[in-house]
Amino acid sequence: QVQLVESGGGLVQPGGSLRLSCAASGSIYEIGTMDWYRQAPGMQREFVARVNSVGDTNYADSVKGRFTISRDSAKNTVYLQMKNLKPEDTAVYYCKAVLWVSRYDVRTSEYWGQGTQVTVSS
């Protein structure tokens, strides 16, 4: 079994910073990509950022220049450094991992974390 646990959410003022963490544990052979998504009340879940196994990154236009995704492969952990936070960044942030659980299976599996609340407000 694989578990993803997010942490680091909280309440911050506009313009502030916050760093989210997501640690994967369990039966993991190799992690392909680790992503951050977010979902605000009444909104669809949206893609935020991605980092692949070799460190290539991708960002939603709404967060480019403000958010940085990084990965510590040795710890199976992904981070999201959020700077210059805006009220519209308020959402539950979810971690997603696409990974292989065994070297003997070519198929990947997808796992989601439980989410962590980020609130940006004065």
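Structure summary
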quantity	calculated
Where V120 falls short, out of the listed (1) touching a helix residue (DSSP H, G or I) at 6+ places or on another chain (Cβ under 6 Å); (2) without any contact (Cβ under 8 Å) to a residue 60 or more places away in the chain	(2)
Hits in the stretch 81-115 (condition: aliphatic (A, V, I, L, M) and more than 18 Å from Q13 (Cβ to Cβ))	V92, A97, V98, L99, V101, V106
Residues of the stretch 32-80 classified as surrounded by 15 or more Cβ atoms within 10 Å (Cβ to Cβ) and part of a strand (DSSP E or B), total	22
Number of the condition not met by E110 [criteria: (1) exposed (fewer than 15 other Cβ atoms within 10 Å of the Cβ); (2) assigned to a loop (DSSP other than H, G, I, E, B); (3) in contact with a strand residue (DSSP E or B) (Cβ under 7 Å, 6 or more places away or on another chain); (4) without any contact (Cβ under 8 Å) to a residue 60 or more places away in the chain]	(2)
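A short reminder: the numbers here are calculations on the coordinates, not readings from a lab. Keep in mind it's a predicted model, so treat the numbers as computed, not measured. Cβ: placed from backbone, ideal geometry, glycine included. Neighbour counts: every protein chain shown.
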